[in-house]
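Read through the structure below, which is laid out as structure tokens, and then see the notes.
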Amino acid sequence: MKQSQSLIPTLKEVPAGADIKSHQLLLRAGFIRQTASGVYSYLPLGKRVLRKIEEIVREEMDQAGANEMLMPALQPAEIWKETGRWDVYGPELMRLQDRHEREFALGPTHEEVITSLVKDEVKSYKKLPLTLYQIQTKYRDEQRPRFGLLRGREFVMKDAYSFHETYESLDESYQLMYDTYSKIFNRCGLDFRPVIADSGAMGGKDTHEFMALSDVGEDTIAYSDTSDYAANIEMAEVTPNYEKPTTSLKEIEKVETPNQKTMQEVADYLEHSLSEGLKALMFKVDEKLVLVVTRGDHEVNDIKLKNLYQASMVELATEHETKQLLGAGFGSLGPVGVSDKVEVVADHAVEYVMNASCGANEDGYHFINVNPGRDFTVAKYADLRFIQEGDPSPDGQGVVKFARGIEIGQVFKLGDFYADQLGALYLDDQGKSKTMIMGCYGIGVSRVLAAIVEQFHDENGITWPDVIAPFQVHLLTINAKKEEQSQLADKLYQMLQTSGIEVLYDDRKERAGVKFADSDLIGIPYRITVGKRASEGYVEFKHRSTGEQLEVHESNIMETINKMMKK
Ligand code: 9G3
């Protein structure tokens with residue numbers, strides 16, 4: 001491609017509102033442009049990269065025996081009403097009406113569509129297992145689109161769905177997809193970790209997320225410093241290996257703690273450490289009010305609370321609800337004397353605290369020397385806290401450290417929910433009608449593009465991995481007005497293309513400095529500069545990511561390229 005005939009609008013300045021490197025660089029290097037909040041156009045360079053990522057996904061999915069298809073973005077509301085999800089999702093589900101006022105959703109995902117299709121087309125066990133996938137645009141009306149392609153309202157996803165007779169068969173596909181994802185992300189050059197995750201609204205039991213490590217990632221990963229254990233922090237279990245202190249029980253006492261609001265303030269005022277205080281928070285678990293008690297230095301993990309009650313909704317009670325029920329505001333809550341009004345559950349660590357302080361359920365007062373069992377009853381002890389750095393790794397090997405990650409893929413064991421709701425039945429080998437079992441598997445293709453930029457850039461711009469770059473070679477002249485330079489460059493352009501090399505030719509009548517700056521920004525792996533020594537047939541060859549540079553005679557160009565690309 002000749003840049004004088006293309007559209008690569010590079011920017012000198014960082015555009016306002018672009019807060020992370022991938023968003024800034026994709027805009028400045030002319031790969032994407034925002035069309036609306038969270039909605040982007042892929043300019044020629046962006047589209048070329050997107051296609052290369054899709055090609056890697058396609059190759060590996062086909063290799064795994066999945067069948068590519070394409071489903072519509074326009075989804076009839078009826079099937080979403082059949083699964084009940086039409087009312088489960090709020091404004092995030094983009095809805096519209098057609099000219100006959102029939103309701104549609106713009107597809108955020110395709111469980112309903114694919115299960116309805118398979119229900120109509122697959123009736124026999126002989127057709128199972130079956131895996132279908134698509135690479136297609138998804139729509140989710142995010143409340144706060146941000147970070148460019150990382151959290152858009154329209155994005156490209158590869159979504160796959162597998163259909164099975166048995167859970168064993170599902171387990172096989174799940175493992176196959178898990179391994180396929182590892183191949184895909186390795187080929188993309190990404191530094192990623194599969195992590196144990198929470199299946200959230202999707203139900204089902206197992207699910208893993210694939211996280212590209214990045215400081216701008218929205219998710220926190222808890223991983224072992226010695227084994228390959230890694231989990232989304234929401235899911236990482238805490239091993240309760242606490243010791244019961246040996247001190248004797250002291251008499252409980254009510255003390256004044258005027259204007260001490262936070263746990264730290266109370267601990268300082270009462271002259272003890274955070275871990276010798278008890279924190280009590282009131283949650284609404286579905287419609288039930290629950291008082292959750294943790295050690296003062298721990299945080300309640302609301303996902304674990306939700307899973308403990310198998311609830312569909314968990315949220316903090318309001319200060320008003322809390323005052324009404326327990327007579328005090330957030331800073332003075334405690335478990336003493338409340339079990340007749342509200343269910344009290346506690347994290348395992350609470351069982352091993354002695355002579356602790358806690359709110360007296362009276363503003364400005366706390367109890368000291370509080371002991372579980374003697375002074376308050378706990379309906380249930382459970383793992384209810386977020387794991388912390390330094391905690392023992394749940395697999396018993398090493399200790400936990402934190403990293404931030406960008407979720408680029410997720411694999412789910414769905415079970416029979418969708419097949420059951422939509423009536424996807426098949427006749428088994430005994431002629432008996434059975435409900436299909438499903439798995440689903442997603443890759444955020446446009447998110448992968450941004451994650452790669454987050455992991456591959458330097459102070460001058462993007463440094464694309466060879467297999468993903470929009471082109472392999474960036475060819476430019478120092479001074480296009482010099483005949484000998486333009487002639488040699490034109491000749492090399494033809495020769496490289498004839499040899500099957502993807503070349504971006506900067507043939508613009510721009511100053512060399514502008515061309516070099518744009519070339520560093522765009523980040524094509526190999527650069528050939530035709531300059532002063534053109535008349536002798538010598539050009540400069542440079543590797544973008546390593547900065548390695550050498551003078552090469554035009555007769556050795558192909559050999560040099562082949563050698564460099566093999567590395
Ligand atoms: C919705 C809206 C947003 C959603 C969903 C439904 C996420 C929804 C979960 C999944 C699960 C898997 C197949 C590919 C891999 C992920 N956000 N999810 O179901 F209506 Cl508005 O999409 N689907």
(Q) Contact list please: Cβ distance under 7 Å, first residue in the stretch 101-117 and under 26 Å from residue 425 (Cβ atoms) and open to solvent by 10 Å² or more (accessible area, probe 1.4 Å), second residue more than 9 Å from the ligand (Cβ to nearest atom) and of a type in the set (A, V, I, L, M), pairs at least six apart or on different chains. (A) 113/71; 113/79; 116/79; 116/422
Q: Look at the stretch 389-405 and say how many of its residues are out of contact with any Ser or Thr (no Cβ under 9 Å at 6 or more places or on another chain) and either open to solvent by less than 60 Å² (accessible area, probe 1.4 Å) or assigned by TED's automatic domain parsing to the domain that holds residue 349 (or both).
A: 1
Q. Before we move on, is residue 335 open to solvent by less than 70 Å² (accessible area, probe 1.4 Å), modelled with pLDDT of 95 or more and touching a Phe, Trp or Tyr at 6+ places or on another chain (Cβ under 8 Å)?
A. yes
Q) Name the pairs: first residue in the stretch 480-497 and touching a residue at least 60 places away in the same chain (Cβ under 8 Å) and assigned to a loop (DSSP other than H, G, I, E, B), second residue among the basic types (Lys, Arg) and open to solvent by 100 Å² or more (accessible area, probe 1.4 Å), Cβ to Cβ under 7 Å, at least 6 apart or on different chains? A) none
Q: Find the residue count for the stretch 138-150, including only residues that are open to solvent by less than 60 Å² (accessible area, probe 1.4 Å) and within 12 Å of the ligand (Cβ to nearest atom).
A: 4
Q) Name the pairs: first residue in the stretch 428-441 and within 30 Å of residue 209 (Cα to Cα) and within 16 Å of the ligand (Cβ to nearest atom), second residue among the acidic types (Asp, Glu) and open to solvent by less than 40 Å² (accessible area, probe 1.4 Å), Cβ to Cβ under 8 Å, at least 6 apart or on different chains? A) 438/111; 440/111; 440/159; 441/159
Q: Could you list all residues from the stretch 515-547 that are surrounded by 17 or more Cβ atoms within 10 Å (Cβ to Cβ), in a helix (DSSP H, G or I) and more than 32 Å from the chain's Cα centre (by Cα)?
A: 515, 516, 534
(Q) Can you tell me which residue is nearest to the ligand (Cβ to nearest atom) among those in the stretch 61-92 that are modelled with pLDDT of 95 or more and β-branched (Val, Ile, Thr)? (A) 83
Q) What is the number of the single condition among (1) crowded, with 18+ Cβ neighbours inside 10 Å; (2) within 14 Å of the ligand (Cβ to nearest atom) that residue 95 does not meet? A) (1)
Q: Please state which one of 102, 58 is modelled with pLDDT of 95 or more and over 24 Å from the mean Cα position of the chain (by Cα).
A: 102
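Is there a residue being over 19 Å from residue 160 (Cβ atoms) and surrounded by fewer than 20 Cβ atoms within 10 Å (Cβ to Cβ) anywhere in the stretch 57-75?
Yes, that holds for at least one residue.
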Q: Sort out which residues of the stretch 363-381 are surrounded by 17 or more Cβ atoms within 10 Å (Cβ to Cβ) and of a type in the set (A, V, I, L, M, F, W, C), and write them in order of number.
A: 367, 368, 370, 376, 378
Q) Is the stretch 385-402 home to any residue that is in contact with a helix residue (DSSP H, G or I) (Cβ under 8 Å, 6 or more places away or on another chain) and either modelled with pLDDT of 95 or more or not β-branched (Val, Ile, Thr) (or both)? A) yes
Q | Count of residues meeting criterion [among the aromatic types (Phe, Trp, Tyr) and in contact with a strand residue (DSSP E or B) (Cβ under 6 Å, 6 or more places away or on another chain)] in the stretch 81-101 | A | 0
Q: Quickly run through the stretch 406-451 and pick out the residues that are open to solvent by 10 Å² or more (accessible area, probe 1.4 Å), aromatic (Phe, Trp, Tyr) and assigned to a helix (DSSP H, G or I).
A: 417
Q: Look at the stretch 151-194 and say how many of its residues are basic (Lys, Arg), within 13 Å of the ligand (Cβ to nearest atom) and outside any strand (DSSP E or B).
A: 1
Q. Conditions: (1) within 30 Å of residue 195 (Cβ to Cβ); (2) open to solvent by 40 Å² or more (accessible area, probe 1.4 Å). Residue 279 meets all but one. Number of the miss?
A. (2)
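Please count how many residues of the stretch 12-55 are aliphatic (A, V, I, L, M) and open to solvent by 60 Å² or more (accessible area, probe 1.4 Å).
Of the residues in the stretch 12-55, 2 are aliphatic (A, V, I, L, M) and open to solvent by 60 Å² or more (accessible area, probe 1.4 Å).
Residue-by-condition table, conditions (1) closer than 15 Å to residue 155 by Cβ; (2) of a type outside the set (Asp, Glu); (3) assigned by TED's automatic domain parsing to the domain that holds residue 40; (4) more than 15 Å from the ligand (Cβ to nearest atom):
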position	(1), (2), (3), (4)
99	no, yes, yes, yes
118	no, yes, yes, no
121	no, no, yes, yes
134	yes, yes, yes, no
**Q.** Count of the stretch 349-399 residues which are part of a helix (DSSP H, G or I) and either under 25 Å from the mean Cα position of the chain (by Cα) or closer than 16 Å to residue 274 by Cβ (or both)
**A.** 3
Q. Within the stretch 168-193, can you find the residues that are open to solvent by 60 Å² or more (accessible area, probe 1.4 Å) and touching a strand residue (DSSP E or B) at 6+ places or on another chain (Cβ under 6 Å)?
A. 191, 193
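One line per residue, one yes/no per condition, for (1) in contact with a strand residue (DSSP E or B) (Cβ under 8 Å, 6 or more places away or on another chain); (2) modelled with pLDDT of 95 or more:
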{"position": "363", "(1), (2)": "no, no"}
{"position": "368", "(1), (2)": "yes, yes"}
{"position": "410", "(1), (2)": "yes, yes"}
{"position": "424", "(1), (2)": "yes, yes"}
{"position": "429", "(1), (2)": "no, yes"}
{"position": "436", "(1), (2)": "yes, yes"}
{"position": "457", "(1), (2)": "no, yes"}
{"position": "461", "(1), (2)": "no, yes"}
{"position": "471", "(1), (2)": "yes, yes"}
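The values are calculated or read from the model by the stated rules, or taken from the named source; none is laboratory data. Predicted model, so just to flag it, every value in this text is computed and none were measured. Cβ coordinates were reconstructed from backbone atoms using ideal geometry, including for glycine residues, and neighbour counts include every protein chain displayed. Quick note on the areas: whole protein, heavy atoms, side chains included, nothing else; ligands and nucleic acids left out. Shrake-Rupley method; radii C 1.70, N 1.55, O 1.52, S 1.80 Å.
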